[in-house]
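Every number here is computed from the coordinates shown, using simple stated rules; none is lab data. Model, not experiment: these values are computed from the prediction. Note that we place each Cβ from the backbone using ideal geometry, even for glycine, and neighbour counts take in every protein chain shown.
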Amino acid sequence: MTKRHRFLFRLLAVLLALAVLSACGIRRKKYETPITTDSKQPDKTLFDKAVNDIEKSRYEVARLTLQTLINTYPDSEYLAKAKLAIADAWYRQGGTMALAQAEAEYKDFITFFPTMAEAGEAQLKVAMIHYQQMEKANRDATHARRAEDEFKQLLLQFPNSPFVEEAKQRLREVQEVLAQHEFDVGKQYFVSRQNIRAAIPRLKDLTEQYPNFSQADEALWMLGQSFEKGGKEFRPKAAEAYAKIVSDYPLSDRADTAKEKLTEWKMPVPDAKPEAEARMRYDLEHQERRGMLGRAMGAFSKRPDVSMASKAGEPVLLPGGRPGEAGMTDVRAAPADAAGGTGIRLEAVPLSTETPAGAAPVQPGQQPAAQPAAQPPPAQPQKPDSGGAPTEQAAVTPPANTPAAATAPSSDKPADQPQPNAKNSKKKEKKKKGK
């Protein structure tokens, strides 16, 4: 057995021992409640019994006891605490179904008791339900987006809650995961496919929605490079991206190169923002780096790595469309003038998810196909008259009272007489010769 195999065997033994101890209930997590009265009332007795059951992981028994308290003593002072404890029991039980039920119970508590101090805690638990189910950046982002919305709701609805700072840090971590997904997609368009039409909106919206992203400076650099490929007419847009690197990310590795670009184009070089420099220094000093074991175990886990998330930046709370959604601006590539020297031209157009009927969906970097011109409907046959055969409308010969009939070539013979042909004229000539 090699040294590596012995290490893995010992690690597996430790994990198995921890799982057994947890299953046996040795680890007892205390259920904290602000209720400190020593009342001997029956409703207080029921509540204490339910709390004891929650601490011992008897969640079903605890919920039955709490429901009995709610039904028997509707005017009890422990009514709100009981409803919150039911949600906590579902939350501690864990599992997809239990967490979904816990979210519903927490939402009900916030609806009925919005002014209680525990309402902010309930909102935090709702956000943490989705935070705990959040997956890596290259996987489904449903729970990450829900967690972002719920943390924002806590910060906006309960700004004085004692859980504000915790919610801000969790929100930074969630936005780090969401921004990483958009960054990977934009980088793929920029590097692998050389598709600046699809890369520009992704990178632009990323830097606006998630300014605290750990690689926001690199996203701005790729954005500036993409605008440079659009020709000299887009050089001001590229300079704007480079200037933002200098001012908002002064400690970035791209800051010096961005200054050189601006100096070369004879454009103003902005000063570094003091608050931005302080934020970057704080993040560098408090950055959490995962060890070799953590990186190895992270490869087998579906949970994302949030160690690179910012610790000081204020998260963006203003509502707005997320990167890649409808309503964002896109950039369309078109042939450029010869003076540009790049062979492409960029046009800003709105994104839309609607596809015309009968048309194939347009892929990123692909021009929409031209729609065929509308054709007139074919002539429909007339309905048969009663007792007669159906008659069809003439497709070539117009009616006699139309202008087209007036321009038709006229003949000396009446219309009801047959026109002479070559055979009849030959027979008449032979008769004349015979006579």
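For the reader, a short list of remarks on this structure follows.
- Here segment 34-116 is treated with +1 on each Lys and Arg Cβ and -1 on each Asp and Glu Cβ, and its dipole about the Cα centre works out to around 140 debye.
- Cα shape, segment 34-116, gyration tensor, a/c 1.5 rule: oblate
- Extension gain (nm, one decimal) between residue 166 and residue 116, 0.36 nm per residue minus Cα-Cα: 16.1 nm
- Simple spin-label estimate for residue 48 and residue 188 gives 6.0 nm between the two label positions (7 Å along the Cα-to-Cβ direction from each Cα).
- Residues residue 80 and residue 145, FRET efficiency given R0 of 35 Å [Cβ-Cβ distance, rounded to 0.05]: 0.70
- Annotation: peptides 279-288, 237-246, ranked by per-residue average of other Cβ atoms within 10 Å with the highest first, follow the order 237-246, 279-288.
- Over 26 Å between alpha carbons, listed pairs 56/136; 229/266; 56/168; 204/273: 56/136; 56/168
- For 190, 151, 227, order by how many other beta-carbon atoms lie within 10 Å, fewest first: 190, 227, 151
- Here the residues 115, 68, 207, 96, ranked from fewest to most Cβ neighbours within 10 Å of their Cβ, fall in the order 115, 96, 68, 207.
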